[in-house]
Amino acid sequence: MRVTPMMTAENALYNIQEGRARLDRLNEQISAGLNILRPSDDPITTRQILDLQNKVKEGDQYLSNITKANLWLNFTETALQGASDVLNSIKGVASTISSGTTDTVIRANSVSQLKEMRKQLLDMANIQLGDQYIFGGYKNSTLAVAGDTNGTAAITNIDVTNLTVGMEVSGSGIPANTVINSIGPGNAITLNNSATASSSGVWLTFGPPFNAAPFAGSALTGDLNGTTSITTGLDTSTLSVGMPVSGEGIPTGTKIAAIPASGTITLDSPATITKTGANLLFGGNFRGTDDQIQVEVSRSSKIGINVSGSELFSGTGTYGAVDIFAALDGLIAAIESNNVPAIQLNAANLDKGSQQVSNARSDVAGRMTRLQSTEKMVKRDQNTAKSIISERQNVDYAKAATELTQQQIAFEAALSATAKISQLSLLDYLK
Amino acid sequence: MGIENIMNIAATGINVNRLAIEVTSENIANVNTDGYSRQRTILETGPTTSANGFPLGSGVKLAAVQRSYDGLLQLQLVNNTSTYNQSLSRQTALQQLEPLFNELTSDGLNDAMQQFFNAWQDLSVNPQGIPERQAVLTRAQILVDNFQQVSTGLTDTQKSVNDMLTGITADISAKAKNIASLNSQIVQAEQSGANANELRDQRDLLIRQLSEDVGVSYYEEQDGTVSVSLPGGEELVTGYLYRTVYPSSAATSAIMITPLGNPPPSSDSGTGTNITATVGGSNNSLGKIGGILEVRDSVIPGYLDKLNELANAVAREVNTLHRAGYGLNGSTGTDLFAMSSTTVTGTTSGSSNVISNIDTTGLSVGMTVSGPGIPAGTLITGTPNSSPPSAANSITLSAATTSANTNANYNFSGVNSSTLAVAITDLNDLAASSTDPASSGGGAGNNENALSIAQIWETSLTFSSGSTSLGGFYNSFTSTVGVDLQSVKNEVSQGEAFLRQLDNLRESNSGVSLDEELTNLIKYQRAFQGCSKVLNTATEMLDIVLDMVR
């Protein structure tokens, strides 16, 4: 085969180019620290790495969910512990007066102590994480209700169940700083300002402070007059339609039927006596939902992060069957009227109620243990994925450096050979 | 016979060797000329005469100046140049696309999808949280932006390769014109008995260069002209006639060709023929033009189909669940991603997966189809490769039709990756809850729907390529792009090596070797000197004879 100088030149150029390309590729790999820099370098491994990267990111999300779930469960545990403590104190008061006493001062002391503890227990039941009531199930924060506005202060066709007087209202056509002036009668409320628009089915947001507390309630004094109406001396801002009412002269199971105006409520059954400044206990009924708030903590595995307030305090679930607030209200009424059998019955019920709270605590503890083991599992999966990625993707510097040296020597040899051979010519020897 | 005879013989030697040196010098001068074939002087003895009973030659004669040329090698070079350049132009286009899918070194669509569903996870932990709701909307917008970015990247590349057609067709036309003019020069030169070696070299080079742009076949006519044809059989050059190739003015240009002429009719004359389907060779496998048409009409539409299928899957799955859920304000039945729906007439034959005679404008793979004889939940699995979309296209479906209908109305609903948009602006409309929060059993804390939407990411969905998760589908899409580019890179390096081998063979056969030419130079110089010496001797002989006479 004839070999011409053009061939030699072309071949030398080609080989130098190839050498440079190999050096460039090695340099790119070493400086980026990665074996595979673009999908076409190795499409199959690329797919594996991307899938594994998805797994790692998924794990990050699960870990973040686990952290939040832990926060909820820890918070619940704290509240449950508080409730246990309060219940223990109640049991202590109940045991000192278990056989009754004719001394009205002692009874009044016990009642006022128990009322204070009832308030504490309500606080525990209404404990908030951020702006959410942790025992409220799905009804645990602000509330939106649809109603019809007609350009006046009256809003009609509105569900008043969870509304209380004094709540802030916002929505389209509602001026700023508007609150509820009165509720009812019927599905209607009155505001302190007129709506600027007239339309039906407007979504109105109620609160803050939205009184969505799952166990809202309070101890108030009111004037009884033997009818269903209690007129003066009531702070209706904490009351809502459907709340149980108990106290002297109030039949068992009485509820608020309507709150026609601030300071006035209507009961669903008439009071049996007439008394000014009667002691009344409101609330303790559960207004939330029983739902478990589920959070995904690993692929397709969910965990409930809350405890239902009604199962815990009203005894509607598996923890026990005691309505703790009803038992407490019963105890207070029994002590007020020195009804010894009732005192003992309600004290025994509260004992069971304490067990009910303990049961809930062990449920929460169980879930926290499950969270811990899930967290470990997610982290282990992540580690496996990460180590495979780094095995595939991270450059072995020792190997790369050796290859670089080899390529460098080869490249230098190619350069030197090219330089020498292109010098050769017959012309040098012709005279 | 006499002294004059000696002088005559010496004179032919001087003449012919001078000519040989001329040829040698032409070779040396053209050592670096592209396409030049070295020329050899072929010498033969002059006619013999009989003197004193012996035959004796009458000196040397130039038989031919021959160029070293191998026709078979030229043919192989032309064919392989076409194949190589097809791969090369595909590689260039695919390398532009690869960064769109490179999630190894930076975050892209895959990450945007995962972050979007992670935002739903966060919302499921705090369904009434305004920051969480804001995050979902922001992530949805980022996801939409990413879809649009990839889609725009693909269509931009499609446009830019389409724009390259103008230059390539102009180049083809210019080369056709030059080949035709060389044809007539060669005929003129050779008819007058002259040597047209250099012109032929130029013509061979032009044909090789033409084969970079487009696949060609050629043969030499008896009169020395060359006829060049395109892969579809159209004669690009015949004799001194040639044609012009030009792109049509449509957004997706068709390749047009004028009738033969010198000059051919202008491209505005309306006499052009559409050769888009054949000019790239079978499967667009030849020449830069083939590579460009393949990328424009098959590779990129294929990628866009996959991208649309993914966008439709995301939008469909999320919207279906989102419509079933409730916002904080009780809103329900709302779409998170804006869906478009169109009604188009088409024809089905029953129990086939095809709707024919349908205008495919605005349709994309993954859209849901409904209409007479279409089972519920049927999706588009393929739009035709023919572009631009036209009224008489056909589409394939994921399920067979159950009845035959002619020109029936079919409804299509879905999204297109290029126009994907978030339909929700009010944070309260995000449907995290499975029930109306204001209803008796509901509440703002209900996270069931958010949880269901977040879990779409883990769910295996049905795609035309099989069942896989959204992330899995996109990762295998990325891998497909990688495989495509990797295989074209391999084709390019193999083609390059093969072409280099052929070039070496051509160079070995036709290339000028300086060493060889210098040796020849000395050879002819010495012969020239020898002949001159003979002439000298003959002159001296004549002098002696003349002296004798004096």
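None of the figures in this text is laboratory data; all of them are computed from the coordinates on show. Just so it is clear, the structure is predicted and the values come from calculations on it, not from any experiment. Every residue, glycine among them, receives a Cβ derived from its backbone with ideal geometry; neighbour counts consider all protein chains shown.
The spacing between segment A:68-95 and segment B:97-124, judged by their C-alpha centroids, is 43 Å. Taking only the Cα atoms of segment B:340-414, the ratio Rg/Rh comes out at 0.91, with Rh defined as the Kirkwood radius. Counted over segment A:237-391 with a bin width of 5 Å, the fraction of Cα pairs per bin, in whole percents, is 2, 8, 12, 14, 13, 11, 9, 7, 6, 5, 4, 3, 2, 2, 1, 0, 0.
What is the average number of partner chain Cβ atoms found within 10 Å of a Cβ in B:468-475?
Average neighbour count from other chains, rounded to a whole number: 3.
Dividing the mean sequence gap of close Cα pairs (under 8 Å, 6+ apart) by how many residues segment B:1-81 holds gives a relative contact order of 30 percent.
Would you mind classifying segment B:217-300 by shape? Square roots of the alpha carbon gyration tensor eigenvalues, ordered a ≥ b ≥ c; an a/c under 1.5 is rounded, otherwise it is prolate if a/b is larger than b/c and oblate if not. Walk me through the numbers before you get to the answer.
Details: a/c = 3.41, a/b = 1.40, b/c = 2.43.
In terms of gyration-tensor shape, oblate.
Inter-chain Cβ neighbour count for A:44-56, averaged per residue, equals 6 (cutoff 10 Å, partner chain atoms only).
By the count of neighbouring beta-carbon atoms within 10 Å, fewest first, A:89, A:300, B:87 end up ordered A:300, A:89, B:87. Spin-label model, residue A:362 to residue B:73: label points 7 Å out along the Cα-to-beta-carbon direction sit 9.5 nm apart. Using the C-alpha gyration tensor of chain B, what are the square roots of 5 times its eigenvalues, in whole angstrom, with the largest one first? Working from the Cα gyration tensor, I get semi-axes of 78, 25, 16 Å. Peptide B:119-132 has a mean shielding of 4, counted as Cβ atoms of other protein chains within 10 Å of each residue's Cβ. When you count the other C-beta atoms within 10 angstrom of each residue and take the mean per peptide, A:327-333, B:487-493, B:230-236 line up highest first as A:327-333, B:230-236, B:487-493. Per residue, the protein assembly as shown reaches -17500 deg cm²/dmol at 222 nm when only DSSP H runs of four or more residues are counted, each adding -39500 (n - 2.57). With contacts taken as Cα pairs under 8 Å and at least 6 residues apart, chain B reaches a relative contact order of 20 percent. Taking all Cα pairs closer than 8 Å and separated by 6 or more residues, the relative contact order of chain A comes to 20 percent. The Cα center of segment A:1-51 and the Cα center of segment B:175-243 differ in position by 39 Å. Gyration tensor analysis over the Cα atoms of chain A returns equivalent ellipsoid semi-axes of 79, 29, 13 Å (largest first, whole Å). Looking at segment A:143-206, the pairs of alpha carbons with a distance over 19 Å make up 11% of the total.
Beyond 29 Å between alpha-carbons counts as too far, so tell me which of B:159/B:306; A:139/A:352; B:61/B:177 fall in that bin.
Working: B:159/B:306 19 Å; A:139/A:352 27 Å; B:61/B:177 39 Å.
Listed pairs above 29 Å: B:61/B:177.
So how far, in whole Å, is the C-alpha centre of segment B:1-44 from the one of segment A:102-171? For segment B:1-44 versus segment A:102-171, the Cα centre distance is 118 Å. Straight-line cross-link reach from residue A:55 at under 13 Å between alpha-carbon atoms covers these aspartates and glutamates, not counting any fewer than eight positions away in the same chain: A:381, B:111, B:458.
Once R0 is set to 60 Å, what does the formula 1/(1 + (r/R0)^6) return for the Cβ-Cβ distance between residue B:497 and residue B:51, expressed as a FRET efficiency to the nearest 0.05?
Details: r = 61 Å, r/R0 = 1.02.
Efficiency for this residue pair is about 0.45.
Pairs over the 30 Å Cα-Cα cut-off, from the set A:68/A:91; A:420/B:533; B:175/B:489; A:399/B:288: A:68/A:91; A:420/B:533; A:399/B:288.
In whole percents, the pair-distance distribution calculated for the protein assembly as shown from its alpha-carbon pairs, binned every 10 Å from zero, is 2, 8, 12, 13, 12, 11, 9, 8, 6, 5, 4, 3, 2, 1, 1, 1, 0, 0, 0.
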